[in-house]
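Working notes, beginning with the structure itself.
The values are calculated or read from the model by the stated rules, or taken from the named source; none is laboratory data. Bear in mind that the values here come from a model prediction, so they are computed numbers and not experimental data. Every residue, glycine among them, receives a Cβ derived from its backbone with ideal geometry; neighbour counts consider all protein chains shown.
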Amino acid sequence: MPSTIFIDATPDHLPLWRQVHRDSDPAIAINMVPVAADQVPAILDGYDTCIVDATYFPRDQLERCRGLRHIVFLGTGAASYIDLAAAKDHGIKVSTISGYGDTTVAEHAIGLMFAAARQTAKMDRSMRAGTWIPSQGMQLFGKTLGVVGLGGIGREMARLGRGIGMDVLAWNRTAIADPPVPLVDIDELLQRADVVSLHLSLNDATRGFMNRARLGRMKPDAILINTARGAIVDRAALVECLVSGRIRHAGIDVFEPEPPRSGDPLVALENVTLTAHAGFFTPEATMVMLRRSIDLAAAGF
């Protein structure tokens with residue numbers, strides 16, 4: 001039976017974990033103390049399996065975790081935190097969890113879209129500072145939503161977008177039989193969409209996908225929503241587009257790295273609405289994710 005530790009549990013995880021962990025499950029150690037990078041190998045000593053929420057495992061760290069054989073990553077974006085090639089080189093299996101929060105993440109993306117369109121965060125900041133300045137917004141009904149990536153979350157985003165009266169287009173990396181909305185090529189989507197919402201997994205093919213050229217193809221005054229992964233977007237190019245007004249607003253839930261470094265220009269811009277990688281974070285989605293992590297850990301490597 002694998003010996004397992006959940007290395008970076010938070011107080012929010014604990015009550016949900018207690019609801020999904022069964023008496024028949026193997027014992028899993030829970031660490032809720034923040035872990036510095038140089039402490040990770042010592043904490044993992046004696047465990048061959050590790051459940052991970054947001055701990056980084058670059059190559060040099062994996063080399064130091066000599067007994068580690070299995071990482072269960074809470075989500076789909078393991079490449080943002082784990083050097084997958086190094087894990088393979090060291091015989092460490094990496095398991096991910098998909099489909100646990102499709103509706104939850106899509107709802108968050110819709111929330112960011114509304115907040116960006118109506119400048120909600122900007123007015124909130126102004127009013128808290130004692131200033132009453134109504135900001136003109138964008139009506140979303142009748143506008144075009146471009147969904148980039150038509151997996152589980154993208155399909156939910158398309159469904160919700162159509163539900164509020166938007167004209168929804170999509171692009172996907174691979175062919176899809178009977179798609180729920182019209183599929184177009186990426187250039188057409190970027191040129192037609194008033195809102196572009198990213199729902200791609202991060203891998204070698206999608207890293208930097210929204211580069212300077214693709215950002216430049218977006219419709220003038222469009223909105224960009226990213227609840228996928230920060231590294232999918234060229235941050236410097238995005239900042240330039242936001243500063244110049246070439247892109248109207250960005251709603252961003254994900255960063256590279258996380259949390260963003262001090263001085264990250266995206267944090268200082270008025271036409272950016274920020275959330276702390278919370279798109280997946282509801283009790284409903286988290287309980288599904290935690291239950292699956294227990295099953296994956298128990299299945300071994």
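Figures for the structure shown
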{"read-out": "Test: residue in the stretch 176-193 that is at pLDDT below 95, charged (D, E, K, R) and over 17 Å from residue 153 (Cβ atoms)", "value": "yes"}
{"read-out": "Residues (assigned to a loop (DSSP other than H, G, I, E, B) and modelled with pLDDT of 95 or more) located in the stretch 12-22", "value": "21, 22"}
{"read-out": "Every residue from the stretch 31-63 that is exposed (fewer than 15 other Cβ atoms within 10 Å of the Cβ), assigned to a helix (DSSP H, G or I) and not hydrophobic (A, V, I, L, M, F, W, C)", "value": "38, 39, 59, 60, 63"}
{"read-out": "All positions within the stretch 289-298 that are among the hydrophobic types (A, V, I, L, M, F, W, C) and surrounded by fewer than 17 Cβ atoms within 10 Å (Cβ to Cβ)", "value": "298"}
{"read-out": "Subset of the stretch 272-288 that is farther than 13 Å from residue 75 by Cα and within 14 Å of the chain's Cα centre (by Cα) - its residue that is surrounded by the fewest Cβ atoms within 10 Å (Cβ to Cβ)", "value": "276"}
{"read-out": "Residues being of a type in the set (A, V, I, L, M) and without any contact (Cβ under 8 Å) to a residue 40 or more places away in the chain - total across the stretch 220-234", "value": "4"}
{"read-out": "Subset of the stretch 97-133 [over 25 Å from residue 159 (Cα atoms), part of a helix (DSSP H, G or I) and of a type outside the set (Gly, Ala, Ser)]", "value": "122, 123, 124, 125, 127, 128"}
{"read-out": "Cross-chain or 6+ apart pairs with Cβ under 6 Å, the stretch 261-284 first and under 24 Å from residue 17 (Cα atoms), then of a type in the set (Ser, Thr, Tyr) and outside any loop (DSSP other than H, G, I, E, B)", "value": "280/104; 282/104"}
{"read-out": "Options 147, 94, 72; residue that is assigned to a strand (DSSP E or B), surrounded by fewer than 21 Cβ atoms within 10 Å (Cβ to Cβ), touching a residue at least 12 places away in the same chain (Cβ under 8 Å) and not basic (Lys, Arg)", "value": "94"}
{"read-out": "Condition check for residue 242: in contact with a strand residue (DSSP E or B) (Cβ under 8 Å, 6 or more places away or on another chain), surrounded by 13 or more Cβ atoms within 10 Å (Cβ to Cβ) and within 28 Å of residue 142 (Cβ to Cβ)", "value": "yes"}
